[in-house]
Amino acid sequence: FLIDQILEKIDKQQLLSSVQINVSNFSFLQDHEFNGEIIIPAVFLLEILAQNSACLFPSYIIQKISKAEFHSFLKITTTETLYTQLTQINHSQEGITLTGSIYYFFCNEKINLKRKKILATFELILSSHLESAPDTFYFPFNFKGLPIIQKTEIYPGLVGLGHSFRHL
């Protein structure tokens, strides 16, 4: 389980959690080194999102990711704390629609300023466990507003999301 702490939970409405990330706890991150720096992979953020949605709605699974917007990269040097915030915006026949963001706090030591830096924003639809989990997910991946994946099938079994998406 990735979530270290539930910081705030309003039943079936909102959730705020934190995850402490460092390379020694997540050795697979060493495989994500780029130009000497370790970059958090997008699939890791999706896994955090899946686990958070399960905390808010334990008897539901992610049926569809209707929006995935990546705003920046996160380079890990020591330990970083990521925060995930989910909010229910709609409950309809299609399912429960949640919006969420994953962010961290950036400290500028020169001017002693701490500010929130958003890594990604999401919109997803949950459905009951009684419905089957999809074998593939179709969703738009965007980085800073520009599409990086369009109409591409994402196979959960290949990218490591299969277990959490099917068995939450």
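The values are calculated or read from the model by the stated rules, or taken from the named source; none is laboratory data. Just so it is clear, the structure is predicted and the values come from calculations on it, not from any experiment. Backbone-built Cβ (ideal geometry, glycine too); neighbour counts: all protein chains shown. Ligands, DNA and RNA are stripped out before the accessible areas are found, and what is left, the full protein with its side chains, is counted by its heavy atoms. Shrake-Rupley method; radii C 1.70, N 1.55, O 1.52, S 1.80 Å.
When the range 66-85 is filtered for residues that are open to solvent by 20 Å² or more (accessible area, probe 1.4 Å), part of a strand (DSSP E or B) and either closer than 24 Å to GLN14 by Cβ or not hydroxyl-bearing (Ser, Thr, Tyr) (or both), the ones remaining, listed by number, are SER66, LYS67, GLU69, LYS75, GLU80, THR81, TYR83, GLN85. When you look at ILE62, is it farther than 13 Å from LEU16 by Cα and among the hydrophobic types (A, V, I, L, M, F, W, C), yes or no? Here the answer is yes, as ILE62 does meet what is asked. Of the residues that sit in the range 106-134 and are within 19 Å of HIS91 (Cβ to Cβ) and at pLDDT 80 or above, which one is surrounded by the fewest Cβ atoms within 10 Å (Cβ to Cβ)? Checked the range 106-134; the qualifying residue surrounded by the fewest Cβ atoms within 10 Å (Cβ to Cβ) is SER128.
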